[in-house]
1. Net charge around residue 108, counting only other residues with Cβ within less than 12 Å of its Cβ (Lys, Arg = +1; Asp, Glu = -1)?
2. Report, in cubic angstrom per residue, the convex hull volume of the C-alpha atoms of the chain.
3. Quick one: which of 73/117; 60/117; 7/149 span more than 19 angstrom between C-alpha atoms?
4. Taking only Cα atoms of segment 51-134, what ratio of Rg to Rh do you get with Rh as the Kirkwood inverse-distance radius?
5. Provide the FRET efficiency to the nearest 0.05 for the residue 78-residue 5 pair, computing r from the beta carbons and using R0 = 30 Å.
6. When the chain is treated as a GNM, springs tying every alpha-carbon pair under 10 Å, which of 85, 111, 166 comes out with the largest mean-square fluctuation?
7. Under unit Cβ charges (Lys, Arg +1; Asp, Glu -1), what dipole magnitude, rounded to 20 debye, does segment 7-194 have relative to its Cα centre?
8. When the helix-only estimate is applied to the chain (DSSP H runs of n ≥ 4, each -39,500 (n - 2.57), divided by the residue count), what is the mean residue ellipticity at 222 nm, nearest 500 deg cm²/dmol?
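Each value in this text was obtained by applying a stated rule to the coordinates, not by laboratory testing. Everything numeric in this text was worked out from a predicted model, so none of it was measured. Here Cβ is always computed from backbone atoms with ideal geometry, including for glycine, and neighbour counts include all displayed protein chains.
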Amino acid sequence: MPANEAKEVKMYSDYKSPFAYLAFDPAFALEQRFRIRLRWIPFQLRIKGKGERSQYSEYKARYSYLDARRWAKPRGLVIRGPLKVYDTTPALIGGLFAQHHGRLLDYSRRVYEMFFKRELEADDPDAVANVIAELGMSADDYREYLSGKGALAYQRAQDEAANDHVFGVPLFIFEDEPFWGHDRIPVLEDRLTAAGMALN
């Protein structure tokens, strides 16, 4: 690889994770400061629902949302805990669809914002199709993609995540080294700097 060529940083993400929401824009901003190409990869978090987890896990879940709101408030982001556990496959395949059309950032920002304001059912293909249409893309093309090429691309992403031993999001990988959590972005920046990837 030529010395000045951008290196890939993977970012595994799920739209139901408040910490993936917090990481999204700061992660893409790294492309302005480092010679990297950030690759967004959908990953389905498997979360137990209320009543399926221990009391300690309930405490942890409540604390996690409290902590996420602390980080979100100074940035003007609204994070309200979802009322159920979502299978976000339709929204994540929507992300792949938007990525294919060069609209991943617009789409993801809108999905995160609406989901955490409880304005989007991320498991409902019709609700996701409405977001796609609102952004000027084809809802019909999304529906076709959802059951065809998108489903295959999504499964490839889950297989890649298994290969990379992904267990949560946001999880970044640079040169096979994982960095888990939105608050690890500064550690990732240090690693990128040490690797000589900083732009002058």
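1. Working: positive: 103, 109, 110; negative: 14, 25, 106, 113.
Neighbour charge sum, excluding residue 108 itself: -1.
2. Details: hull volume 27.1 nm³, N = 200.
Cα convex hull per residue, to the nearest whole number: 135 Å³.
3. Values: 73/117 13 Å; 60/117 21 Å; 7/149 27 Å.
Result: 60/117; 7/149 exceed 19 Å.
4. On the way: Rg = 14.4 Å, Rh = 14.0 Å.
We get a ratio of 1.03 for segment 51-134.
5. Values: r = 39 Å, r/R0 = 1.30.
About 0.15, to the nearest 0.05.
6. 85
7. On the way: 29 positive and 28 negative charges, 141 e Å.
About 680 debye.
8. Calculated at 222 nm, the ellipticity per residue is -15500 deg cm²/dmol.
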